[in-house]
Amino acid sequence: MNLKAHGKHLAFFLSLALLLLSMIPSLILRDQAYVRAHDQLDGEIPAYVLQTLHAGDADIPEFMSGENNKASLAPASPGTLLFYRAAEPALAFVLNECFVRLAAFLGLFLLLRRLEAAPWVSAVLALLFTLLPFYSVYGLAVMGQPLLLYAVLMARDGKKVWPYALGALFAAFSSPVLVGYADCLLLAGWCVTDAVRKKPRPWASALMLGVLAAVYVALNLNLVKQLFGGGAFVTHRSEWVLTPDPWWDTVKSMFNEGVYHAEASQGPLTGWVLAACGVGLLFPELWDPARRETLRRLWAMTLLAAGVAVIYATWRSAPVISLRAAIGGPFLHFRFERFFWLNPLAWWTAAGLTLQLLWSLCRREPLGPEAPARREAAARRASAVRTGRIAARVLCGLLICSAAVNVYDVSPLKENLRRLSAGVEETASSSFRTFVSRELFEEIDEYIGRPKDSYRVGSVGLYSSVPLLNGFQCVDGYSNNYDVEYKHAFREAIEGELKKKKSVRTYFDEWGNRCYLFSAELGKSYFFTKEDDTVIKKLALNPEALRALGCEYIFSGVEIEKPEKSGLKLLNTFEKEGYPYRIRVYEVESGDEE
């Protein structure tokens, strides 16, 4: 048995085993596993559930207007729909998360091995990478970037078929709007660079670009039609009013912290990466040709991270926003800054290359023919080399420990392990079971006693996705692409509340993705438990406008004082042990009632 050959695979299989073990808590917990509510339970997950439920239908009646809304709930990862068609939503979420984590692990491991990092370096960094607090509802958009880069490199090396299959897989589990255009632009630039530099197989990058584009178009036809003016409605994004950010502060924030949608948790990594880059620049004589190649790759990844920060800050700067507003049209709401989805790829690949440089200094190397002849000098040099190797090992350990502690502290794994031992608090909004509270809303449904498709509801002090996930037809909703005419009609219903508070009015009028029944007193808070004693003193909704939208009932997570002055009538209050909400059901009175 060749132990040395098997030893090369030991790190990979050990890290893979640890990854599989880390998935067990969420698989056991299922509907009680940790799920970040923001942009998942309140947005993308309802999109997957409803797109699956109405796969063959023209529209989705439960969501907002019930018309022309397939594009309003376009899935961020079409491939992820397969999980929701195969399992109930809570399990589908967990299975998709496991798939994304496995793809992230294999992607970064293979990429670092392709960049000539040691097997154990690649395995350890890949395992830590999978523990990041990523948004799995976006599929491979963030965590699949290493796999895509590896596929491109393999295609340029002359590998056939399977690199392009990996590219197609990435496109199927990501969005052209969120990240696809950024990858395609980078690939296009790579094609041009390869052609100019007369690199072998310049067509490989072009073919990969073609594969990505073809899959994106095939799986996102409605979005493509809308992009070229063939959509069924004018998007509400046409009314966006953009607010600039300070350029230098944004660059620093992006470089040091990143964006929560693509969390790299790079804080402990930046110092190590920059130090390695600096030492490589200041002391080039320390590096042999192999290490210099690793350094060049490290510089490339660091420049990518810096470039992402600059693009993000520039696109959101005052001069560029003024230009976008002057041009208008799609240019106004095009999110060119979404190159930030590449941030975790850049930082964790750079961290792997930094660790590889440190590890390379630990190797035993012969002194060579130039070694001093005198025994004393040779002994001093050997002692210095031993000390250097020890220092390099210590630095390797410190880098890994600092990254591991930081990642574990923010990882969903930590919370899921806590839940396995202590359970889930009923006041939590971050699990399927408590957020949806299905048994509680079944009681509400029985109380109303009407078919759900015969009326619509709205929510106050409650995420609109809660009744939506319970099968109610809702007038409100969360979408980054819906009919601007519906926004105008909906605004009539909440105009009285918008007048009370500028921040809420600006939030709806100048952005509007959350088409909610806002209360000026609640602001942008949507989760209230039965432990809260919050009371809305006066809710200035327009009952006639609500009725025009088809809204007959309001589900409120807080008490509304003197509801009759708001054109509402309290019917009943519902709460249930084990669930966080106390839901008041109000009827929207028609205009001919006293």
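The values are calculated or read from the model by the stated rules, or taken from the named source; none is laboratory data. None of these values were measured; they are calculated from a predicted model. Every residue, glycine as well, gets a Cβ built from its backbone with ideal geometry; the counts of neighbours run over all protein chains shown.
Numbers for the structure displayed
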{"quantity": "Selected residue [without any contact (Cβ under 8 Å) to a residue 24 or more places away in the chain and within 24 Å of Glu88 (Cβ to Cβ)] from Glu446, Glu442, Glu415, Glu426", "calculated": "Glu446"}
{"quantity": "Scan of the stretch 119-148 for residues that are closer than 26 Å to Trp359 by Cα, of a type in the set (A, V, I, L, M) and in contact with a Ser or Thr (Cβ under 8 Å, 6 or more places away or on another chain), ordered by number", "calculated": "Ala123, Val124, Ala126, Leu127, Leu131, Leu132, Met143"}
{"quantity": "One residue from Leu209, Leu140, Leu166, Leu102 being at pLDDT 95 or above, in a helix (DSSP H, G or I) and surrounded by 20 or more Cβ atoms within 10 Å (Cβ to Cβ)", "calculated": "Leu166"}
{"quantity": "Subset of the stretch 302-333 (residues that are surrounded by 15 or more Cβ atoms within 10 Å (Cβ to Cβ) and outside any helix (DSSP H, G or I))", "calculated": "Arg316, Ser317"}
{"quantity": "Residues satisfying the stated conditions in the stretch 260-281, i.e. over 28 Å from Leu140 (Cα atoms) and either of a type in the set (Gly, Ala, Ser) or in contact with an Asp or Glu (Cβ under 7 Å, 6 or more places away or on another chain) (or both)", "calculated": "Ala275, Ala276, Gly278, Gly280"}
{"quantity": "Residue that is farthest from the chain's Cα centre (by Cα) [pool: residues in the stretch 8-40 that are hydroxyl-bearing (Ser, Thr, Tyr) and more than 16 Å from Ala428 (Cβ to Cβ)]", "calculated": "Ser15"}
{"quantity": "Unmet criterion (only one of (1) among the hydrophobic types (A, V, I, L, M, F, W, C); (2) at pLDDT below 95; (3) closer than 24 Å to Leu19 by Cβ) for Val94", "calculated": "(2)"}
{"quantity": "Some residue of the stretch 111-119 being in contact with a Gly (Cβ under 9 Å, 6 or more places away or on another chain), at pLDDT below 95 and either under 25 Å from Leu21 (Cβ atoms) or basic (Lys, Arg) (or both)", "calculated": "yes"}
{"quantity": "Hey, Thr52 closer than 15 Å to Tyr138 by Cβ, at pLDDT 90 or above and not in a loop (DSSP other than H, G, I, E, B) or not", "calculated": "no"}
{"quantity": "Long-range neighbours under 8 Å by Cβ, at least six apart or interchain, first residue crowded, with 18+ Cβ neighbours inside 10 Å within the stretch 12-26, second outside any helix (DSSP H, G or I) and not acidic (Asp, Glu)", "calculated": "Ser22/Leu131; Pro25/Ala33; Ser26/Ala33; Ser26/Tyr34"}
{"quantity": "Subset tally (residues that are among the polar types (S, T, N, Q) and surrounded by fewer than 16 Cβ atoms within 10 Å (Cβ to Cβ)) for the stretch 466-524", "calculated": "2"}
{"quantity": "Residue in the stretch 180-206 that is nearest to the chain's Cα centre (by Cα), counting only those that are among the aliphatic types (A, V, I, L, M) and modelled with pLDDT of 90 or more", "calculated": "Ala182"}
{"quantity": "Subset of the stretch 501-526 [of a type outside the set (Ser, Thr, Tyr), closer than 18 Å to Thr235 by Cα and not in a loop (DSSP other than H, G, I, E, B)]", "calculated": "Phe508, Asp509, Arg514, Cys515"}
{"quantity": "Residue match in the stretch 237-251 (condition: in contact (Cβ under 8 Å) with a residue 40 or more places away in the chain, aromatic (Phe, Trp, Tyr), closer than 30 Å to Ser317 by Cα and surrounded by 13 or more Cβ atoms within 10 Å (Cβ to Cβ))", "calculated": "yes"}
{"quantity": "Residue identified as assigned to a loop (DSSP other than H, G, I, E, B) and of a type in the set (D, E, K, R) among Glu44, Glu67", "calculated": "Glu67"}
{"quantity": "Hits in the stretch 553-571 - residues which are within 35 Å of the chain's Cα centre (by Cα), of a type outside the set (Phe, Trp, Tyr) and either under 24 Å from Pro451 (Cβ atoms) or not assigned by TED's automatic domain parsing to the domain that holds Asp453 (or both)", "calculated": "Ile554, Ser556"}
